[in-house]
Amino acid sequence: MQSQPLSRLNKPAEPGAATPAPKVGFVSLGCPKALVDSEQILTQLRAEGYETAKSYDGADLVIVNTCGFIDAAVQESLDAIGEALAENGKVIVTGCLGAKKDTDGSDLIQKIHPKVLAVTGPHAVGEVMASVHTHLPKPHEPFIDLVPPQGVKLTPKHYAYLKISEGCNHRCSFCIIPSMRGDLVSRPIAELMLEAENLFKAGVKELLVISQDTSAYGIDVKFRSGFWNGRPVKTHMTQLTEALGQLAKQYGAWVRLHYVYPYPHVDEIIPLMADGHVVPYLDIPMQHAHPEVLKRMKRPASGEKNLERILKWRQMNPDLTIRSTFIAGFPGETEAEFEYLLDFLKEAQIDRLGCFAYSPVEGATANALDNPVPEEVREERRGRVMLLQEEISKQRLKAKVGKTVKVLIDELTPSGAIGRSAADAPEIDGVVHVKKPFEPHKKLAVGQFYDVEITRADAHDLWGES
Ligand code: SF4
């Protein structure tokens, strides 16, 4: 084995080679609650390697944490912002006054001090940090920073998951997630946008939005507004999807939505898929179609409405791919209820489908329901669903032959590459096998998009040439 001289492997950084840390000035006004907010922001700044400046002119940027309680406090805060603008020029405002509106409904601070870079309300560490990252990015220091800016990822470099919330407010009778993870807790929108931006900057071409219930995003915080790029954005699925779609467009990437429950506001998401950056794909775990079974499952949606919505969405965007999961043999499921599910599937023509035989998870309340279905019947019903789905999938994929679809390459193979179209999520859906191009100058590369003409299909996958 050839050995490397030790000096090359362990070469220390040249003295003074590291970029000096950016400095942030901090003005903290207001009550003890505001003080705690200031401490949290300062802690986060320190944790990320920013330094604090003791004077205005030694700072690269100033944060003013304001108070808006009484008139005198408002004036003091406005004066402090004015002073920071005059002395330094780069100012981010946070705190109670940031949430205050003028009598005409406009943002008070922006009106009086239009030059401030960003304004947030109180308890907004994530939003303040997102603004700091935008206006005073800290250069990544490979010798000091333990974690790359996009965080540690277990997925390939070109796709990543974005978890937007934790927990769930539903109590489906077959599920124990709420008892393990608690009620819904949505992550701040500014924090999500920052994470998404870091991922795109690091080369991610497909962002997969996940949660237990993506449609419920923001319910726990009453859809409060956060700030992204200096403008308010609601903690709401529609606004999050719109903002992620715009970001994905800048980076030539895709956003894919998983675990979407078919609430009425999902109608607003379909138009956001028009330019293809939010891919026309919805993963909607429906679990069953019969109203009585859904009731016993304590599911938040009814089967009939699901069908109505699917048909309407397909009218709005004929390219829409729908993925779903179903449970066969749920306790009490009669043969008639099961056949109702089969009829639903024939009509709904779900593109991608997973079906599980009911499994009595320990602790699930459904285990106590009357008339459990014997295991062999559960398995037999699962088999019937999959057989039907195979035929549906075959027909739907056959309709793509002759069309050109955009494909993101996941891996190279001796005969070309394996990739996925907008209709295929990684790991769970089918793939597109892309033939090696004849022309030597045309090369397929992992993490790149190609237009692929589809030449063949089976019940799961497609084949084509770029
Ligand atoms: S199945 Fe999904 S929606 Fe129902 S309780 Fe579990 S996590 Fe929540």
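The values are calculated or read from the model by the stated rules, or taken from the named source; none is laboratory data. Bear in mind that the values here come from a model prediction, so they are computed numbers and not experimental data. Glycine gets a Cβ as well: all are built from the backbone with ideal geometry, and neighbour counts include every protein chain shown.
Assorted remarks:
- The single condition among (1) in contact with a helix residue (DSSP H, G or I) (Cβ under 8 Å, 6 or more places away or on another chain); (2) in a strand (DSSP E or B); (3) among the β-branched types (V, I, T) that I350 does not meet is (2).
- Among the residues of region 262-297, those that are over 15 Å from E308 (Cβ atoms) and in a loop (DSSP other than H, G, I, E, B) comprise I269, A274, D275, G276, H277, P285, H288, H290.
Yes or no, residue by residue, for (1) surrounded by 13 or more Cβ atoms within 10 Å (Cβ to Cβ); (2) free of Cβ contacts under 8 Å to residues at least 40 places away in the same chain:
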residue	(1), (2)
N306	yes, no
R314	yes, yes
R323	yes, no
A336	no, yes
F344	yes, no
A357	yes, yes
V361	no, no
A368	no, yes
G402	no, no
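- Of the criteria (1) surrounded by fewer than 19 Cβ atoms within 10 Å (Cβ to Cβ); (2) within 16 Å of the ligand (Cβ to nearest atom); (3) in contact (Cβ under 8 Å) with a residue 12 or more places away in the chain, which one L257 fails: (1)
- If you filter region 55-76 down to residues that are over 12 Å from L29 (Cβ atoms) and touching a strand residue (DSSP E or B) at 6+ places or on another chain (Cβ under 8 Å), you find that the one that is surrounded by the fewest Cβ atoms within 10 Å (Cβ to Cβ) is S55.
- Subset of region 290-310 (residues that are in contact with a Phe, Trp or Tyr (Cβ under 6 Å, 6 or more places away or on another chain) and away from the ligand (no atom under 16 Å from the Cβ)): H290
- Residues in region 155-163 include at least one that is out of contact with any Asp or Glu (no Cβ under 7 Å at 6 or more places or on another chain), part of a strand (DSSP E or B), closer than 30 Å to A99 by Cβ and at pLDDT below 90.
- Among the candidates E206, E195, residue that is more than 16 Å from the ligand (Cβ to nearest atom) and at pLDDT below 90: E195
- Test: residue in region 384-392 that is within 30 Å of A202 (Cα to Cα) and of a type in the set (S, T, N, Q): no
- Test result for R171, among the charged types (D, E, K, R), within 16 Å of the ligand (Cβ to nearest atom), at pLDDT 85 or above and assigned by the TED database to the domain that holds I327: yes
- Output for region 260-282, where each listed residue is among the hydroxyl-bearing types (S, T, Y) and within 16 Å of the ligand (Cβ to nearest atom): Y261, Y263
- Test: L353 is touching a Lys or Arg at 6+ places or on another chain (Cβ under 9 Å), aliphatic (A, V, I, L, M) and touching a residue at least 24 places away in the same chain (Cβ under 8 Å): yes
Results for (1) polar (S, T, N, Q); (2) part of a loop (DSSP other than H, G, I, E, B); (3) on the phi < 0 side of the Ramachandran plot; (4) within 16 Å of the ligand (Cβ to nearest atom), shown as yes or no for each residue.
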| residue | (1), (2), (3), (4) |
| --- | --- |
| K312 | no, no, yes, no |
| F326 | no, no, yes, yes |
| E333 | no, yes, yes, no |
| F338 | no, no, yes, no |
| L341 | no, no, yes, no |
| N367 | yes, no, yes, yes |
